[in-house]
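Enquirer: This structure is in C-alpha cells; I'll ask about it shortly.
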Amino acid sequence: MGESMKGMKRTHYCGELTAANVGQDVTVMGWVNKNRDMSQRFFIVVRDRTGLVQVVVDAERAVQYALAKEIRGEYVIAARGKVIARTPQNVNPEMPTGEIEIDIEELRILSESDTPPFTPLDEGVAMDTRLKYRYLDLRRADVHKIMKLRHTVAQTIRRYLTEEGYIEVETPYLTNSSPEGARDYLVPSRNGGFYALPQSPQQLKQLLMVAGMDKYFQIAKCFRDEDLRADRQPEFTQIDIEASFVDEEDIHAMMEGMMQRVFKEAMDVDVAVPFPRMTWLDAMEKYGTDKPDLRYGLELVDLSALPVIADTDFQVFAAALENGGRVRGINATGLAALPRKQIDALVETARGENAKGLAWINLMEDGTIKSTIGKFFDDAQTAEIITAMAARPGDLILLCADTVEISRLALGAVRVALGKHYLPELPAGTFPTDFKFLWVTHFPLFEYAPEEGRYYAAHHPFTSPLEEDEHLLESDPGAVRARQYDLVLNGSEQAGGSIRIHRRDLQDRMFAALGFTPERAKAGFAHFLEALQYGVPPHGGIAPGLDRLIMNMTGATSLREVIAFPKVKDGSCPMTEAPGPVDAAQLEELGIAVVKSE
C-alpha cells in the first residue's frame with residue numbers, strides 16, 4: 001500500500017539535476033513516468049513538476065531490485081543514491097537531465113496507483129476524458145509549463161504595480177445584483193434576499209477611488225452566467241486596476257510598461273512600446289473588427305466611390321449602394337491557388353455575418369483571370385478593380401456588397417479566416433514569439449437595440465463620454481463617443497478600460513440616456529450615486545484578462561488549457577460534476593423550492 005517517508009528528505013527536484021551534481025548523494029521523489037527491466041539493471045524514469053530523471057537499481061542490491069520489479073507507471077516513489085555520469089553512448093540529448101542518472105541505494109514505494117484512464121505520455125486523449133480526470137491531465141509537462149508561466153506572470157504583475165504605487169485591495173465576492181450587463185450568478189441568503197457573484201469589481205473599485213486609495217489593483221475572480229466560447233469561461237480571472245487623477249495617456253503608459261515587463265520576465269520576449277493606436281471607426285473600416293490581428297495585413301478597401309463600381313449596372317452592387325451600403329474588397333495576397341472548397345468556406349463565413357455572399361476575382365500566376373462577376377464587367381473594368389485593390393498575379397480578390405455594418409463584419413470575419421494562411425504553425429509544445437499589441441480608442445458610448453427601442457452602454461454605464469460629445473447625450477446618443485480604450489493582442493481583446501464618470505450630474509444624464517427613470521437608477525445604484533455626492537476625483541482604469549493573456553502567450557486555442565480546473569460548454573465541471581443537487585434541508589432553510597422544467 002505504500003511506505004512512509006520517515007528518515008528520507010527530498011534534496012533535489014528531478015529536473016534540477018545536471019552534470020554538476022555528479023558524485024553527490026541525492027534523494028528525489030515523484031511519479032514513475034516509465035520503467036524497464038534490463039536483466040541485471042532496472043531503469044525507472046521519475047517525474048515531478050520540474051521534469052524527469054532516470055534512476056538505476058542494480059541487481060546486486062537484491063532488496064531494492066526486487067522492490068523495483070513491483071513498481072508500475074504512476075506509482076509515487078522515493079529514491080536515494082549517488083548521481084553518476086552516463087557513458088557517452090547512453091546520453092539522452094532529449095532529456096535536460098540526460099547526461100546523468102542516479103545509482104540507487106534506497107528505494108521506497110510511497111503510494112501505489114491503479115491503471116489510470118490515461119497517462120502523461122498518452123497522446124490524442126479526448127478532451128472530455130482529460131477534464132473528467134483533470135488531476136491526471138495536469139501531470140503533463142506541457143500543462144505544468146503553462147501553469148508555471150501563469151504563476152510568473154501573476155507575480156511579475158504584482159511586483160510591477162506595487163513599484164508603480166498601486167495598493168492591492170480585496171473586494172467581496174458576495175455583492176448585489178446589477179441591472180446592467182450579463183446574467184449574474186445568484187447566491188441565496190437565509191434572510192430571503194440574494195447576493196450576486198461579481199461580474200467585475202467595477203463599482204467597488206470606483207468607490208475605492210472615492211475613498212482616496214488613489215491607485216488600486218487586484219487579481220480578481222469574476223463570474224458571468226453566459227454562453228461559453230473558446231475564449232470565455234463562467235468564472236475567470238482579471239487584473240483589475242483603477243487610479244485617480246489620471247487620463248488615457250497615464251493608463252496607456254502604465255499598461256505598456258506592465259506588458260513589456262511581463263513578456264520580458266516570463267518569456268524573454270522584447271515588446272516594443274508605445275503600442276500603436278487606432279480609433280474604433282478606423283479599425284472597423286480597415287479590418288472589419290474592433291480587435292484586429294496586426295500580424296498580417298489584408299486591409300479592407302472601400303470601392304464604393306470607384307467609378308466602375310459607383311456607375312455599375314450589376315444589380316448586387318447597385319442595390320447595396322442605392323440603399324446606403326458599401327462595396328468593399330479584400331486582397332488575399334498570394335492565395336490565387338486557394339482550392340474552390342476553401343473559397344466556398346469563406347463565402348459561408350461571410351454569410352455567417354448575414355452577408356448575401358462574396359464575389360471573387362482570381363488572378364492566376366500565368367496572367368489569366370477567373371471571376372464570378374466576369375460577365376458583368378469587361379476586361380478594362382475588371383482591370384480598374386484590380387488596380388484599386390493593388391492586386392498582382394497570384395492574388396485572390398474577395399468582394400462584398402451589403403450594408404455599411406454587414407460589409408465590414410463579413411469581410412472582417414473572412415480576414416480572420418484567411419489569417420491562418422499567413423501565420424506559421426508552431427511545433428507542439430512551443431510558445432509563440434510574435435506579439436502585436438494595439439490600442440483601439442473612441443468607441444461608441446452606446447449600442448442601440450431596435451427590438452427594445454432603447455440604448456445600452458457599450459462598455460458599462462460608468463464610462464465617461466468624450467467631453468466634446470457630452471452635448472449629444474440627449475439629442476443624439478448614438479453619435480456619442482466614449483473615453484474607452486481596449487488593448488488588443490494578436491486579434492484578441494486583452495483588456496478593456498475607460499475614464500469614468502466622476503460627476504453626479506453627468507452620471508444622472510447617462511442613466512437617463514439608457515432609459516432609466518430616477519427611481520430605477522436609485523433602486524439599482526443608490527449607494528454608488530450617493531457616493532458621487534461626496535467629492536470624487538477624476539479616475540479611470542482597465543482590466544486585462546489574466547486567462548486570456550496566458551492563452552495568447554502560450555498559443556493555446558482555448559481558455560480550458562490555461563485554467564487549472566475549467567468548466568465546459570454548459571458551465572459544468574466534468575470532474576466534480578458541479579453544479580449538482582443540494583440537500584432538501586438546505587433548500588428549506590433558505591426558503592427555496594426547485595421546480596423541475598417539463
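The values are calculated or read from the model by the stated rules, or taken from the named source; none is laboratory data. Remember, it's a predicted structure, so these values are computed and weren't measured experimentally. Heads up, the Cβs are rebuilt from the backbone with ideal geometry, glycines too, and the neighbour counts pull from every protein chain shown. Heavy atoms of the whole protein, side chains included, go into the accessibility calculation; ligands, DNA and RNA do not. Shrake-Rupley method; radii C 1.70, N 1.55, O 1.52, S 1.80 Å.
Enquirer: Within 9 Å, Cβ to Cβ, of Val56, how many net charges do the neighbouring residues add up to if Lys/Arg are +1 and Asp/Glu are -1? Can you show the working numbers first?
Expert: Values: positive: Arg41; negative: Asp58, Glu101, Asp103.
Within the 9 Å Cβ shell, the charges total -2.
Enquirer: Normalised by the residues of the stretch 363-504, what does the relative contact order come to in percent, with Cα pairs under 8 Å and at least six apart? Don't skip to the answer; put the middle values down first.
Expert: Details: 148 pairs, mean separation 24.9, N = 142.
Dividing the mean separation by the residue count of the stretch 363-504 yields 18 percent.
Enquirer: Output the relative contact order of the stretch 78-236, whole-number percent, from Cα pairs under 8 angstrom with separation of 6+ residues. It would help to have the intermediate numbers written out before the result.
Expert: On the way: 163 pairs, mean separation 22.2, N = 159.
Averaging sequence separation for qualifying contacts and normalising by length gives 14 percent for the stretch 78-236.
Enquirer: Of the beta bridges DSSP finds with both residues in the stretch 79-222, what % are antiparallel, to the nearest 5? Before the final figure, lay out the partial values.
Expert: On the way: 11 of 13 bridges.
Given both bridge residues lie in the stretch 79-222, the antiparallel proportion sits at roughly 85 percent.
Enquirer: Then there is this: Rounded to whole Å and sorted largest first, what semi-axes of the equivalent ellipsoid does the C-alpha gyration tensor of the stretch 515-591 yield via the square root of 5 times each eigenvalue? Let's see the in-between values first.
Expert: Values: eigenvalues 257, 162, 24 Å².
Equivalent ellipsoid of the stretch 515-591: 36, 28, 11 Å, largest first.
Enquirer: Explain nothing, just the number: dipole magnitude of the chain about its Cα centre with +1 on each Lys and Arg Cβ and -1 on each Asp and Glu Cβ, in debye rounded to the nearest 20.
Expert: On the way: 66 positive and 89 negative charges, 357 e Å.
About 1720 debye.
Enquirer: Next question. What does the net charge come to around Ile84 if you take all other residues with beta carbon closer than 9 Å to its beta carbon, with K and R at +1 and D and E at -1? Don't skip to the end; give the middle numbers.
Expert: Details: positive: Lys82, Arg86; negative: Glu101, Asp103.
Within the 9 Å Cβ shell, the charges total 0.
Enquirer: Which shape class, rounded, prolate or oblate, goes with the stretch 1-40 when its Cα gyration tensor gives a ≥ b ≥ c as root eigenvalues, a/c under 1.5 marks rounded, and past that a/b bigger than b/c marks prolate? Please report the intermediate quantities before stating the final value.
Expert: Working: a/c = 1.80, a/b = 1.08, b/c = 1.67.
Oblate, since a/c reaches 1.5 and b/c is not below a/b.
Enquirer: Would you please give the residues with an amide H less than 5 Å from that of Arg500, counting only those at least 5 places away or on a separate chain, with H modeled from the backbone geometry?
Expert: Ser464, His539, Gly540, Gly541
Enquirer: Please give the FRET efficiency for Asn323 paired with Glu577, using the beta carbon to beta carbon distance and R0 = 51 Å, rounded to the nearest 0.05. Write down the numbers at each step before the final one.
Expert: Details: r = 52 Å, r/R0 = 1.03.
Efficiency, from the Cβ-Cβ distance: 0.45.
Enquirer: While we're looking at this one, here's another question. Mind grabbing the base-10 log of I(q)/I(0) for the stretch 5-95 at q = 0.11, 0.16, 0.23, 0.25 Å⁻¹? Debye formula, identical points on the C-alpha positions, no solvent, two decimal places.
Expert: Taken in order of the listed q values, log10 I(q)/I(0) reads -0.29, -0.64, -1.40, -1.61.
Enquirer: Okay, moving on. Calculate, for Thr162 and Glu265, the FRET efficiency according to 1/(1 + (r/R0)^6) with r their C-beta to C-beta distance and R0 22 Å; round to the nearest 0.05.
Expert: Values: r = 14 Å, r/R0 = 0.65.
The value I calculate is 0.95.
Enquirer: For the stretch 38-194, with all protein chains present and a 1.4 Å probe, just round the carbon and sulfur fraction of the accessible area to a whole percent. Walk me through the intermediate numbers first.
Expert: On the way: 4340 of 8580 Å².
Ligands and nucleic acids excluded, carbon and sulfur give 51 percent.
Enquirer: Find the relative contact order for the chain and round it to a whole percent, using C-alpha pairs within less than 8 Å whose residues are 6+ positions apart. Can you show the working numbers first?
Expert: Values: 1107 pairs, mean separation 77.4, N = 598.
RCO, the chain: 13 percent.
Enquirer: Still on this model: Could you tell me how many degrees, from 0 to 90 and to the nearest 10, lie between the Cα long axis of helix 404-419 and the main elongation axis, the longest principal axis, of the Cα atoms of the chain?
Expert: For helix 404-419, the angle is close to 30 degrees.
Enquirer: Shape of the stretch 393-533 from its Cα gyration tensor (a ≥ b ≥ c, root eigenvalues): rounded if a/c is under 1.5, otherwise prolate when a/b > b/c, or oblate? Present the calculation step by step, with values, prior to reporting the outcome.
Expert: Values: a/c = 3.01, a/b = 1.88, b/c = 1.60.
Here the stretch 393-533 falls in the prolate category.
Enquirer: On to the next question. Given 20 Å bins starting at zero, what is the percent of C-alpha pairs of the chain in each, up to the one with the largest pair distance?
Expert: The percentages, shortest bin first, are 16, 39, 32, 12, 1.
Enquirer: Of all beta bridges DSSP finds with both residues in the chain, what is the antiparallel percent, to the nearest 5?
Expert: Among the beta bridges of the chain, antiparallel pairing accounts for roughly 95 percent.
Enquirer: For labels at Val595 and Thr368 in the simple 7 Å Cα→Cβ model, what's the distance in nm?
Expert: Going from the Val595 label point to the Thr368 one covers 6.8 nm.
Enquirer: List the trypsin sites (Lys or Arg not before Pro) within the stretch 453-525 that DSSP assigns to loop and that have no more than 16 neighbouring Cβ atoms inside 10 Å.
Expert: Arg503
Enquirer: I've got another one for you. How far is helix 340-351 tilted, in degrees, relative to the longest principal axis of the Cα atoms in the chain, given as a value from 0 to 90 rounded to the nearest 10?
Expert: Roughly 60 degrees between the two axes.
Enquirer: Could you give P(r) for the stretch 448-529, binned at 10 Å from zero, as whole percent values over all Cα-Cα pairs?
Expert: 16, 47, 30, 7, 0
Enquirer: If you don't mind, there's one more thing I want to ask. Divide by every residue of the chain the summed helix terms, -39500 (n - 2.57) for each DSSP H run of at least 4, and state the resulting mean residue ellipticity at 222 nm, rounded to the nearest 500 deg cm²/dmol.
Expert: Details: 16 runs with 167 residues, N = 598.
Computed ellipticity for the chain at 222 nm equals -8500 deg cm²/dmol.
Enquirer: Turning to a different aspect of this structure: DSSP loop (so not H, G, I, E, B), at most 13 other Cβ within 10 Å: list which GluC sites (Glu not before Pro) in the stretch 356-443 pass both filters. Intermediate results must be reported in sequence, preceding the final value.
Expert: On the way: sites: Glu365, Glu384, Glu405, Glu425; in loops: Glu365, Glu425.
Answer by residue number: Glu365, Glu425.
Enquirer: I would also like to ask the following. If you take the C-alpha gyration tensor of the stretch 491-531, multiply each eigenvalue by 5 and take the square root, what semi-axes do you get, largest first, in whole Å? Mind showing how you got there, number by number?
Expert: Values: eigenvalues 120, 30, 22 Å².
Value: 25, 12, 10 Å, ordered largest first.
Enquirer: Taking all pairs of different Cα atoms in the stretch 355-398, averaging 1/r and flipping that mean, what Kirkwood radius in angstroms comes out?
Expert: Computed over Cα pairs of the stretch 355-398, the Kirkwood hydrodynamic radius comes out at 10.6 Å.
Enquirer: In Å², and per residue, what accessible area does the chain have when probed at 1.4 Å with the other protein chains present?
Expert: Result: 50 Å² per residue.
Enquirer: I'd like the accessible area for Thr557, computed on protein heavy atoms only with a 1.4 Å probe and all protein chains in place. Round to 10 Å², please.
Expert: Around 110 Å² of this residue is reachable by solvent.
Enquirer: Sticking with the crude label model, points 7 Å out along Cα→Cβ, report the distance from Ala479 to Leu186 in nm, one decimal please.
Expert: 4.1 nm
Enquirer: Also, quick follow-up: P(r) for the stretch 179-266, please, calculated from all Cα pair distances in 10 Å bins and given in %.
Expert: Going from the shortest bin to the longest, the percentages are 14, 33, 35, 15, 3, 0.
Enquirer: Continuing with the same structure: Given the whole protein assembly as supplied and a 1.4 Å probe, what does the accessible area of Asp469 come to in Å², nearest 10?
Expert: 10 Å²
Enquirer: Residues with amide H under 5 Å of Arg481's amide H, sequence separation 5 or more or different chain, H placed in the peptide plane at 1.01 Å from N; which?
Expert: Correct list: Leu445, Leu466.
Enquirer: If I take the Cα coordinates of the stretch 88-149 and project them onto the principal axes, what are the three extents in Å, biggest first?
Expert: If we take the Cα atoms of the stretch 88-149, the spans are 43, 27, 23 Å.
Enquirer: Which ³J(HN,Hα) values, rounded to whole Hz and listed in residue order, are derived for the stretch 91-100 from phi using the Karplus coefficients 6.51, -1.76 and 1.60 in 6.51 cos²θ - 1.76 cosθ + 1.60 with θ = phi - 60°, glycine and proline given as x?
Expert: Each residue of the stretch 91-100 in turn: 5, 10, x, 7, 10, x, 9, x, 8, 10 Hz.
Enquirer: Could I ask something else about it? Can you give me the distance in nm between label points at Ala66 and Leu174, each placed 7 Å from the Cα along the Cα-to-Cβ direction?
Expert: 5.9 nm
Enquirer: Same structure again: Given the stretch 313-394 reduced to its alpha-carbon atoms as identical point scatterers, what log10 I(q)/I(0) does the Debye formula return at q = 0.17, 0.23, 0.24 Å⁻¹?
Expert: -0.77, -1.34, -1.41
Enquirer: May I ask for the Rg/Rh ratio of the stretch 262-303, computed from Cα atoms with Rh as the Kirkwood radius, given to two decimals?
Expert: On the way: Rg = 13.8 Å, Rh = 12.3 Å.
Using only Cα positions, Rg/Rh for the stretch 262-303 is 1.13.
Enquirer: Roughly how tilted is helix 518-531, in degrees to the nearest 10 and between 0 and 90, from the longest Cα axis of the chain?
Expert: Relative to the chain, helix 518-531 is tipped by roughly 60 degrees.
Enquirer: Loop-only check: which trypsin sites (Lys or Arg not before Pro) in the stretch 221-311 are DSSP coil with at most 16 other Cβ within 10 angstrom?
Expert: Numbers: sites: Lys221, Arg224, Arg229, Arg232, Arg261, Lys264, Arg277, Lys286, Arg295; in loops: Arg224, Arg295.
Within the stretch 221-311, the qualifying trypsin sites (Lys or Arg not before Pro) (loop, at most 16 other Cβ atoms within 10 Å) are Arg295.
Enquirer: I would also like to ask the following. Arranged from highest to lowest average of other beta-carbon atoms within 10 Å per residue, in what order do the peptides 120-129, 80-89 appear? Each step should come with its number before you reach the end.
Expert: On the way: 120-129: 11.8, 80-89: 14.6.
The packing order, highest mean first, is 80-89, 120-129.
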